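Asks: Got a structure for you, questions after.
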Amino acid sequence: MTEPPAARRKIAYLLPVYNEEQSVAAFHRALVEATEPLRDRYDLQFLYVDDGSQDRSFEHLVALHEADSRVVVLRLSRNFGHQKAVTAALDACHADAAIIMDTDLQDPPAVSLELVERWEAGAEVVYAQRRTRDDSWFKRTTAHAFYRVLSKAASIDIPRDTGDFRLLDRRVVEELTKYREHNRFLRGMVSHVGFTQEAVLFDRARRHGGTSGYPLAKMLKLAGDGIFGFSTAPLQLISRVGLVFSLLSLIGIAYAVVVRFAYPENAVPGWAFLAITLFLIGGVQISMLGILGSYLGRVYVEVQDRPLYSVATVLGDPW
Ligand code: UDP
Ligand code: MG
């Protein structure tokens, strides 16, 4: 008697799309080709989330869905941002493993096979870590600095030089969907969840076409969510800076007293000193208020607790 064949495991690719009309068709072709070797062992689904694109991305996705039943499309009601688009896909996904990838061909589809191998070997999170990246000098330097600051400040260990390109086992996806914070930094949340996590190194390519959907303002917002969401170090920094300035003022007082009594002829009205101190202390105070404001603003948004995103259209059945 032969054993019944083991049920085929399901792998879903979670693919956020924002104004990618120049890339998405080429990306899908590359993805289908790269995942060909997985076909005889797994059931695959390609879950695209159109994050309110204003170009013809959605029309491209509809065509992909009509041509290939493995393509499922969620269209959000407007642009909610990359982190929430990925969240919408995670919420809809009940596959045995989910692979998050960008759709501009910066994350090479072939690397996902290595992620699957490591998953089969027992890892529950396999993140793709950039060995090199072909981005602008500005993006590389700021990203580099950000990951160093984050790893110093964050209360958990968030791997450096890692985007959202990663494979998550179903159990990790289930845990992640319990994290409902609005100011989302998925990489931090994945580290927070725990489980067995492994890295696979890869070379990040240049964007296939179009422009980045992460202009400076969005990048700063994400950096803020990473640091303020996973660290209270900036709050402690306020008291430290306050302490340093109090000590400095003590030294200043001692100096003034000494000058007044030991060298009265030098005790000129020190307007420059006063003015500089005034601006310095004022500047420091306002920056510290800014740090408090950053936390307060985030608390406000969390308290409002609005839905994270709204889905307008669904094509196909997400697993
Ligand atoms: N993206 C998104 N919503 C946004 C911005 C970007 O879904 O508001 C998608 C985008 O289509 C891509 C991925 O997120 O698949 C990464 O964005 P992008 O390539 O623009 O960022 P970069 O690689 O420049 O950091
Ligand atoms: Mg990109």
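All of the numbers you see were taken from the coordinates with simple rules; none came from a lab. All values reported here derive from a predicted model rather than from experimental measurement. With ideal geometry, Cβ positions are generated from the backbone for all residues, glycine too; neighbour counts draw on all protein chains shown.
Asks: Please arrange S310, S53, S294 by counting, for each residue, the other beta carbons lying within 10 Å of its beta carbon, fewest first.
Replies: Starting with the residue having the fewest Cβ neighbours, the order is S310, S294, S53.
Asks: When the Karplus curve 6.51 cos²θ - 1.76 cosθ + 1.60 is applied with θ = phi - 60°, which whole-Hz ³J(HN,Hα) does each residue of segment 277-284 get, with x for Gly and Pro?
Replies: Whole-Hz 3J(HN,Hα) from phi for segment 277-284: 4, 4, 5, 4, 4, x, x, 5.
Asks: Between V49 and residues 5 or more places away or on another chain, which pairs have amide H atoms under 5 Å apart, with H built 1.01 Å from N, and which residues are they?
Replies: L15, V17, L74
Asks: Follow-up question, since we're still on this one. Over the chain, what is the percentage of antiparallel beta bridges among all DSSP beta bridges, to the nearest 5?
Replies: Counting DSSP beta bridges with both partners in the chain, the antiparallel share is about 30 percent.
Asks: Follow-up. With labels modelled as points extended 7 Å from the Cα through the Cβ direction, what inter-label distance (nm, one decimal) is found for V149 paired with L250?
Replies: Output for this residue pair reads 3.0 nm.
Asks: Rounded if a/c is under 1.5, else prolate if a/b is larger than b/c, else oblate: which is segment 107-245, with a ≥ b ≥ c the root eigenvalues of its Cα gyration tensor?
Replies: Since a/c reaches 1.5 but b/c is at least a/b, the shape of segment 107-245 is classed as oblate.
Asks: Determine the dipole magnitude for segment 169-306: charges of +1 sit on the beta-carbon of Lys and Arg, -1 on that of Asp and Glu, nothing else is charged, the reference point is the Cα centre, and the result goes in debye to the nearest 20.
Replies: Charge dipole of segment 169-306: 400 debye, to the nearest 20.
Asks: Residue farthest toward the positive end of the dipole of the chain, with Cβ of Lys/Arg at +1 and Asp/Glu at -1: which of S191, S23, G283?
Replies: G283
Asks: Could you calculate the contour length gain from A26 to D305, that is, 0.36 nm times the residue separation minus the distance between their Cα atoms, to one decimal place in nm?
Replies: 96.7 nm
Asks: Under a 5 Å amide H to amide H cut-off, with H placed in plane at 1.01 Å, what residues pair with T313 once short-range neighbours are removed?
Replies: Amide H to amide H, under 5 Å and 5 or more residues apart or across chains, T313 pairs with R75.
Asks: Top mean-square fluctuation among A92, A123, A275, Gaussian network model of the chain, C-alpha springs under 10 Å?
Replies: A275
Asks: Given Cβ point charges of +1 (Lys, Arg) and -1 (Asp, Glu) and nothing else, what value in debye, to the nearest 20, does the dipole of segment 157-201 about its Cα centre take?
Replies: Using Cβ point charges on Lys, Arg, Asp and Glu, segment 157-201 gives about 160 debye.
Asks: Would you please classify the overall shape of segment 37-95 from the alpha carbon gyration tensor, given that a ≥ b ≥ c denote the square roots of the eigenvalues, rounded means a/c under 1.5, and beyond that prolate means a/b larger than b/c while oblate covers the rest?
Replies: Cα axes put segment 37-95 in the oblate bin.
Asks: Kirkwood Rh, segment 34-179, all Cα pairs: how many Å?
Replies: 17.0
Asks: Using just the alpha carbons, could you tell me how many Å³ per residue the convex hull of segment 230-297 encloses?
Replies: 68
Asks: Quick one: dipole size for segment 84-136, taken about the Cα centre, charges +1 on Lys/Arg Cβ and -1 on Asp/Glu Cβ, in debye to the nearest 20.
Replies: Here the size comes out at about 160 debye.
Asks: Let me ask another. Would you kindly work out the equivalent ellipsoid of the chain from its C-alpha gyration tensor and give its semi-axes, the square roots of five times the eigenvalues, largest first in whole Å?
Replies: 50, 20, 18
Asks: Among 112-120, 253-261, 230-238, 19-27, how do they line up by average Cβ neighbours within 10 Å per residue, starting with the highest?
Replies: Highest mean packing first, the order is 19-27, 112-120, 230-238, 253-261.
Asks: Would you kindly derive the ³J(HN,Hα) couplings of segment 158-167 from the backbone phi angles with the Karplus curve 6.51 cos²θ - 1.76 cosθ + 1.60 (θ = phi - 60°), listing them in order in whole Hz, with x for Gly and Pro?
Replies: 9, x, 6, 6, 10, x, 8, 5, 6, 9
Asks: Among I100, L113, A153, whose Cα lies farthest out toward the positive end of the dipole of the chain, if unit charges sit on the beta carbon of Lys, Arg (+1) and Asp, Glu (-1)?
Replies: Going by the charge dipole, the pick is A153.
Asks: So what's the net charge close to E181: Lys and Arg +1, Asp and Glu -1, counting the other residues with Cβ under 13 Å from its Cβ?
Replies: The answer is +3.
Asks: Find the relative contact order for the chain and round it to a whole percent, using C-alpha pairs within less than 8 Å whose residues are 6+ positions apart.
Replies: 24
Asks: Taking the inverse of the average 1/r across all pairs of different Cα atoms in segment 65-144, what Kirkwood radius in Å do you get?
Replies: This gives a value of 15.3 Å.
Asks: A further question on this structure: With each pseudo-label sitting 7 Å past Cα toward Cβ, what's the I281-S77 distance in nm, one decimal?
Replies: 5.1
Asks: If you don't mind, another one. Using each residue's phi in segment 245-252, evaluate 6.51 cos²θ - 1.76 cosθ + 1.60 at θ = phi - 60° and report the 3J(HN,Hα) Karplus result to the nearest Hz, with x for Gly and Pro.
Replies: 5, 5, 4, 4, 5, 4, 4, x
Asks: If you don't mind, another one. With a/c under 1.5 counting as rounded, go ahead and sort segment 102-156 into rounded, prolate or oblate using the C-alpha gyration tensor (a ≥ b ≥ c being the square roots of the eigenvalues; past the cut-off, prolate if a/b is larger than b/c, else oblate).
Replies: Oblate shape, in that a/c is at least 1.5 and b/c is the bigger or equal ratio.
Asks: Out of the DSSP beta bridges found with both residues in segment 1-116, what percent are antiparallel (nearest 5)?
Replies: 0
Asks: Quick query: amide H of G163 versus all other amide H atoms, modeled in the peptide plane; which residues come in under 5 Å with a sequence gap of 5 or more or a different chain?
Replies: R130
Asks: Another question, if that's okay. Which of the listed residues, G270, A34, V73, is farthest toward the dipole's positive end in the chain, when Lys, Arg count +1 and Asp, Glu count -1 at the beta-carbon?
Replies: The listed residue farthest towards the positive side: G270.
Asks: Starting from the Cα-Cα distance between L220 and T177, subtract it from 0.36 nm times their residue separation and give me the gain in nm to one decimal.
Replies: Length gained, L220 through T177: 13.0 nm.
Asks: Say each of A121 and E36 gets a label point 7 Å from the Cα, pointing the same way as Cα to Cβ; how far apart are those two points in nm?
Replies: In this crude label model, A121 to E36 measures out at 2.5 nm.
Asks: Compute the separation of the alpha-carbon centres of segment 101-125 and segment 223-292 and state it in Å as a whole number.
Replies: Here the answer is 50 Å between Cα centres.
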